[in-house]
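Take a look at the structure below.
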Amino acid sequence: MASEQKNPFSFKRFPLRVTPGNRELIEAIRRVNKRLEDKFGHLGYHGILLAGSRALGYGRQSSDIDYMVVLNEKKSRGCSSEIIDEVEGELKKNGFEPHCLQGWYVDQIKDSIASGQPHGYLSRPVSDLFLVSAGKTINKVRMEILEEIMKRPDSKEVWREIQKQYSASVIEPFAVSASSQKPPRYSSNIEIQLLLNKEVERTARLREAIKSHSPRGGIKGVLRARRRMALPSLSKTHQWLLENGGQR
C-alpha cells in the first residue's frame with residue numbers, strides 16, 4: 001500500500017489547517033460519511049467531495065461549506081434527499097453552513113464518457129471527483145471513470161482537459177507570491193478579484209495558505225506547491241489506483 005505522503009489524492013495536498021475550524025470540518029465529514037456508508041452503501045452511496053475556498057484552505061470561518069455527494073443515481077433513487085439532509089444536519093450541528101453544489105452521479109458520468117461526449121463537457125465533473133474527499137469506495141469510482149476514459153481513442157486529450165479544469169479550480173488560487181513582505185510577483189485571477197472586492201482578510205489567508213505549502217517563499221516555493229497539488233498524468237493516476245483501488 002502506498003504511504004499517505006505518496007497518495008496523490010490525500011487531504012494533505014491542501015493547506016486545510018490554515019482555515020480556522022477545518023480540523024472540526026474534516027472530523028464532521030468523516031463522521032457523517034461513516035454513518036452514510038453503513039446506512040446507504042448498498043444503495044449506491046460512495047462518499048463526499050469538498051470544494052470551494054474552505055476545502056482549499058483560504059476561506060473565512062464564516063464561508064459556506066461547498067460539497068457534493070457521490071452516488072449511483074439508479075441505486076440511490078429515492079434516498080438522495082435523505083443523504084443530503086444527513087450531511088447538512090451534521091455540519092450545521094457543528095456550526096458550519098453547508099451548501100450542496102449538486103449530486104455527482106457515477107452512472108451518468110460513465111454514460112457520458114462512453115457516448116463520446118466532448119472534452120469540455122466532461123472536464124468539470126471528472127476533475128471534481130479528484131477534490132478533497134471522504135469515502136472508502138471513492139478510489140473505486142475514480143478507477144471506473146479512468147477506465148471508461150481509457151477506452152476512448154482520444155483518452156489523452158480528454159485527460160489533458162480534465163487536468164486543465166482541475167488546475168483552474170484548485171491550483172490557480174496558489175499562483176501568487178508566497179512572501180507577505182514583498183508585493184506579489186504575479187497574481188491569480190482569484191487574488192485580483194479578492195483585492196478588487198476589498199476582501200483583505202481572505203487575500204491574507206490565501207497568502208498564508210501558500211506559505212504553509214512553500215514556507216521558504218519565492219517563486220520556486222509556489223511552483224513546488226502547485227506541483228504537489230497537481231493532478232497526475234493519466235498513466236500515473238491509473239497506476240496509483242491499481243495499487244490502492246480500495247483505499248483512501
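Rule-based calculations on the coordinates, nothing more; no lab input. Source: prediction; values computed, not measured. Glycine also receives a Cβ, built like all others from the backbone with ideal geometry; neighbour counts cover every protein chain displayed.
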Exercise for review: Give the calculated FRET efficiency between LYS92 and LYS136 to the nearest 0.05, with a Förster radius of 30 Å applied to their Cβ-Cβ distance.
Suggested key: 0.75
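Which length gain, in nm to one decimal place, applies between LEU242 and LYS75 when the Cα-Cα distance is subtracted from 0.36 nm times their residue separation?
Details: separation 167, 0.36 × 167 = 60.12 nm, distance 2.54 nm.
Full extension from LEU242 to LYS75 adds 57.6 nm.
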Study note, to complete from the structure: Yeah, the range 36-106 with a ≥ b ≥ c from its alpha-carbon gyration tensor (a/c under 1.5 is rounded, else prolate when a/b outruns b/c, oblate otherwise) is prolate
Practice item. Beyond 29 Å between alpha-carbons counts as too far, so tell me which of LYS34/LYS74; LYS39/LYS93; LYS39/LYS156; LYS34/LYS156; LYS74/LYS236; LYS75/LYS236 fall in that bin. Key: LYS39/LYS156; LYS34/LYS156; LYS74/LYS236; LYS75/LYS236
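Ranking HIS42, HIS119, HIS99 by Cβ neighbours within 10 Å, fewest first, what do you get? Numbers along the way, then the final one.
Details: HIS42 9, HIS119 17, HIS99 14.
Exposure proxy ranking, most exposed first: HIS42, HIS99, HIS119.
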